[in-house]
Amino acid sequence: MLSMSTIDEFIVFLRNLAEKWSNLYEEDRVFEADPSEGEPKYFLTAAYMYPNAPIHVGHGRTYLIADVLARFKRLLRYNVLFPMGFHYTGTPVLVRVEAILENKAKEIESMSRTFNIEVETLKKLRDPVSFARYFHELSKTVMKKYGLSIDWRREFTTVDPEYKSFIQWQFTKLLEKDLLIRGTYPVGWCPRHGMPVSMHDTEGDVEPEVGELTLIKFTDEYGVKYPVATLRPETVLGVTNIWVNPEARYCISRVNSEVWVTSCEATTKLKQQLKSVEILEEVGGGTLVDRELVNPVTGERVRVLPASFVNPKFATGLVMSVPAHAPYDYAALRDYVEKNLGGVWTRELMPKPLIQVSGYGEIPARNAVEQLGVRSQSDVELLEEATKRVYRDEFERGIFRPDAVAYVVSRDSRVLSYLEKHVAGKPVPEAREAVRALLEEIGVYDSMYEVMNAPVRCRCGSEVAVKVLENQWFINYGSTEWKNLTREALKDMRVVPEEARRGIEATIDWLRERACARTRGLGTELPWAPGWVVEALSDSTIYMAFYTVVHRIRKLGVKVEKLGEYFWDYVFLGLGDAREVAAKIGISVEDLESMRREFLFWYPLDSRHSGKDLIPNHLTFFVFNHIAIFPRELWPKQIVVNGWVLVEGAKMSKSKGNVKLLGNLMDTYSPDALRLGLAFGAEVDQDLDLNEETVLSAARQLMKIYNTIREILHRVSGDSERPQDIWLRKTLATHVVNYVEELENVRIRAAALRVYVKMLEDLETYLKWAREPGRAAVDYIATWVKLMSPYTPFIAEELWRTLGGRGYVAKSAIERELVVRDTLFEFEQKYVDLVIEDIKSVLDVVSGDTVAVYTSDRELSWIVERVAEDVARGIDLSETVRKLSRDLAKAGIRQPDRVVKSIREAVSYIGPEVVLKYLKTTGGIDEFEILSKLQGLVATRLGLKNFVVYRASDTSTPDLGGRKSRAFPLKPGIYVTQSTY
RNA sequence: GCGGGGGUGCCCGAGCUAGGUCGAAGGGGUCGGGCUUAGGCCCCGAUGGCGUAGGCCUGCGUGGGUUCAAAUCCCACCCCCCGCACCA
């Protein structure tokens, strides 16, 4: 063992240790976990990685948290399973391979740079599986070097035939439970690619917003339908006319069984939306002007009028004019009246008010148009604003006027009574829904989808339109029953951090049907729907179960074709007859049963780890699917989500070129230093800003620890029962207890600071105090190394062997007797902390190197006890003062409020339970005894030349500075002087 | 728009679910000192104001309120970040 003098030297040393010990881990198969009946087990998984790039520090953080927990649980004698797989499913790999195949120099360059891979190597990755395989293997090597305590026998990829069989089984189960349904679904679609587009496929990364518009079919005298498009079907009662754009081309076509007039652009869209469309004739918009159409609800005849604002590219290119409530219509109509009728409004064109809304007059659209000073229908900006306001106010506060029913001239009693009952006097949202239903009822309703934020362009330049996909498969997360069960399951789960729970709950609430299959990408085909591949977020929900048996399937050499539904049914659900199933697969009953047993040994999953970005999708699906497939006793128990890793305050991304690869960082800093840096950086819930300094200072701290340990082992003497030694032993036990508690609560950072900072400080205090390190120091170190092993496994292994440990520290356990809380010591320790703090605050104002303290009497412990009882019960300070004042006065204590307050503060710091327990055990607090015993500690920690303790009541001692009277329970009087020499 | 999370001292960031132990942990920066040929690293001290004894005043987005007592509870407002689906 060498003494390390420079940090560079030390990092080289750490790197070599990592190399050495990770190889040994592999050779000795240290982390292979097999069921051991009767022992406690812990099964945890982190989200498997998507190998379209090398593993980066973001993965590194998630995996580290899982690994620390895994190793920690082993220290507590759990049989721990921590496996890892690789997620090939999906399309991103396809995109990268396309770039390679098309020899796109820029893309390849950029991949080469960010991934730190030779261009020539990349060019060889010419199919998706090879591409994924390459990064898979690369990342796996890095994970091993990183020290992840993974059982690699269970590794798999999601395109392995066994996995596909498993996914097919899962989806068959979902289908059987009616949770997998088939339907149509509108998507943003690029006509050129013939592919759905989402945000990252569009120019400027715009998400195409698909909205559904109501079509209301107006009719002409020949029975031809004019489907007008609207978002506000309830305003059909106030239509004065229909708008067409006279400049646009309109098509008369056969749509399904009817003849429709729409803009010619609309015919293409209707075709995409599952309508059969046959164009019969094309006409200019102008020829439609002045036609008379019948309003299917009111029976009124309205005319077609020209308007330039009508966009033929949007919806059907036909718009119903509701001048009372639509600013555009009002403005256009005003233009028309002025130009063609000399400004005189005919009775037919008069706005028909339908909705009453506070803050507006009879005709809201007119109010808004006039208020904003709209000049004409081409005043687009102002009209947009006016429309927004009127729509919003009417939607939120508007009431449908009962007298509006009078616009129904047909006197159709069915329509009238319906309107009276469901529309008149109702708030707008309700009226809207009712009118929509009425339209459907009387057969004049239809709908179409439109890109609401058009134009959205695909990266190829073509405009995105809506296409309705047929035979799309959905997982029905909208099922109420399923939602309720999932909520219930979540209630019983631990979520770390707790704030993330609300995110999951909210996701459960709004989740509806989710398309779960695509026509492109790697993955598993739905057995009954050739061509449809299960999409990546849907084939990764219950795979944790797969880990429990995959290695056995492989070892037994089971033919994949034989892995039918019955196999998974038996292993995971215990369904079917073991002998029959075994026979079908061609394995022994014993092997089959032992797989079932292994699954039951590891399940339920104890902890699931991922980044917080997966809350709204993966993690929620994970809970849902477990609930759907597995019985209640096998539902997962814990979710741990961690924040991002930021680089210099910015999120990592390929485009910024600031992706930090795990492999590179380890080469620079060594695995142990990187792990410790990440652990120090932030508690799990926060984002961690990675900078060189954090990692370097972690390395320095490690070096300091290493050198200190080395020094002690050289200097150690045989002493073991001095006060210093006893103090050190007890301090160690306190650390162990708190460490266990912290890690049980996944407070990775807090525990790391304890082990690598506080424990070193305490050891240094001991060294200063004791001068010669004794046996206790070696014992301290022996346990300390164990506590380090979850964070910095490699140096811990090395130290473990140096100390004469056998095997691996990774397989060692913390002595049970150390994990016991020593309340008495805890009390004394915290009491001393308080005294030291007090003295420090005096030393802030007065300088000196000699301190005398006067301790309060043991007889006054009853005050502490009564205050502690009150604190424990949550009783107010004033209440306590009131209760105690008489007794305090009797005891000759003035200023009871001040005394009680100071005791209360001390008690709160120490902890009322600790105080009470201490009193109960010892019968009273002898502060003089405690301080005398730890005199050396106080002097050492404060760097004092002299530290003396007196009893305040001892009349034989000098009353320096009159401080005797300042002694209160838990708060000694303090006197500071400067020594003369 | 809907939903989730936030706004703390020069900066970053704990603490806020159980109100007093909070002038507010821990970093960083800055200033002073030590170490060093020098720099770096490291160590010590200081870092709202006042005070020669453990104290007082002012303070945790803004404005109110509850309370003996609020960064912590309640109300209103302002601002920031992140999701919103077939995409991993």
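The values are calculated or read from the model by the stated rules, or taken from the named source; none is laboratory data. If you're wondering where the values come from, they're calculated on a predicted model, not measured in any experiment. For neighbour counting, all protein chains shown are included, and Cβ atoms are generated from backbone atoms with ideal geometry for every residue, glycine included.
Taken over the stretch A:450-506, the criterion of being near RNA strand B (Cβ under 9 Å from one of its atoms) and part of a loop (DSSP other than H, G, I, E, B) is satisfied by A:TYR477, A:GLY478, A:PRO497, A:GLU498, A:GLU499.
Residue count for the stretch A:492-509 satisfying the condition of being in contact with a Pro (Cβ under 9 Å, 6 or more places away or on another chain) and not polar (S, T, N, Q): 4. Total residues in the stretch A:681-728 satisfying the condition of being polar (S, T, N, Q) and in a helix (DSSP H, G or I): the figure is 6. So, in the stretch A:951-973, exactly how many residues are within 13 Å of RNA strand B (Cβ to nearest atom), buried (at least 16 other Cβ atoms within 10 Å of the Cβ) and either under 25 Å from A:ARG866 (Cα atoms) or at pLDDT below 80 (or both)? Number of matching residues: 11. Would a scan of the stretch A:625-635 turn up a residue that is in a helix (DSSP H, G or I) and within 23 Å of A:TYR146 (Cβ to Cβ)? Scanning the stretch A:625-635, I find no residue that is in a helix (DSSP H, G or I) and within 23 Å of A:TYR146 (Cβ to Cβ), so the answer is no. Just one of the listed residues (A:TYR445, A:TYR360) is surrounded by fewer than 20 Cβ atoms within 10 Å (Cβ to Cβ), of a type in the set (Phe, Trp, Tyr) and at negative phi, and it is A:TYR445.
Taking the stretch A:512-539 as the range and being over 14 Å from A:LYS164 (Cβ atoms), part of a loop (DSSP other than H, G, I, E, B) and at pLDDT below 90 as the test, the residues that pass are A:ARG512, A:THR519, A:ARG520.
Of the candidates A:GLU761, A:GLU744, the single residue that is free of Cβ contacts under 8 Å to residues at least 12 places away in the same chain and under 15 Å from A:ILE705 (Cβ atoms) is A:GLU761. Only strands (runs of 3 or more DSSP E) whose full extent lies in the stretch A:244-350 are considered here, and the ones with at least 1 residues that are touching a residue at least 40 places away in the same chain (Cβ under 8 Å), in contact with a Cys (Cβ under 8 Å, 6 or more places away or on another chain) and assigned by TED's automatic domain parsing to the domain that holds A:PHE395 are A:249-255, A:258-263. Scanning the stretch A:140-184 for residues that are in a loop (DSSP other than H, G, I, E, B), among the acidic types (Asp, Glu) and over 30 Å from A:ASP28 (Cα atoms) returns a single hit, A:ASP178. Test A:ASN691 against the stated conditions and say whether it is more than 30 Å from A:ARG501 (Cβ to Cβ), within 13 Å of RNA strand B (Cβ to nearest atom) and under 29 Å from the mean Cα position of the chain (by Cα). Criteria met by A:ASN691. Return the residues of the stretch A:784-819 that are assigned to a loop (DSSP other than H, G, I, E, B) and touching a residue at least 12 places away in the same chain (Cβ under 8 Å); say none if nothing qualifies. Across the stretch A:784-819, the qualifying residues are A:SER789, A:PRO790, A:TYR791, A:THR792, A:LEU803, A:GLY805, A:TYR808, A:SER812, A:ALA813, A:ILE814, A:GLU815, A:VAL819.
For the stretch A:213-232, residues that are within 40 Å of the chain's Cα centre (by Cα) and not aliphatic (A, V, I, L, M) total 3. Note on the stretch A:104-130: residues that are outside any helix (DSSP H, G or I) and at pLDDT 90 or above amount to 7.
Annotation: A:TYR418 fulfils all but one of (1) within 23 Å of A:LYS225 (Cα to Cα); (2) more than 46 Å from the chain's Cα centre (by Cα); the unmet one is (1).
Residue count for the stretch A:902-923, restricted to those that are surrounded by fewer than 16 Cβ atoms within 10 Å (Cβ to Cβ), at negative phi and either modelled with pLDDT of 80 or more or away from RNA strand B (no atom under 16 Å from the Cβ) (or both): 3. Note on the stretch A:196-228: among residues that are in a strand (DSSP E or B) and surrounded by fewer than 18 Cβ atoms within 10 Å (Cβ to Cβ), the one that is modelled with the highest pLDDT is A:THR219.
Annotation note: of A:TYR831, A:TYR766, the sole residue that is surrounded by 18 or more Cβ atoms within 10 Å (Cβ to Cβ), within 16 Å of RNA strand B (Cβ to nearest atom) and at pLDDT 85 or above is A:TYR766.
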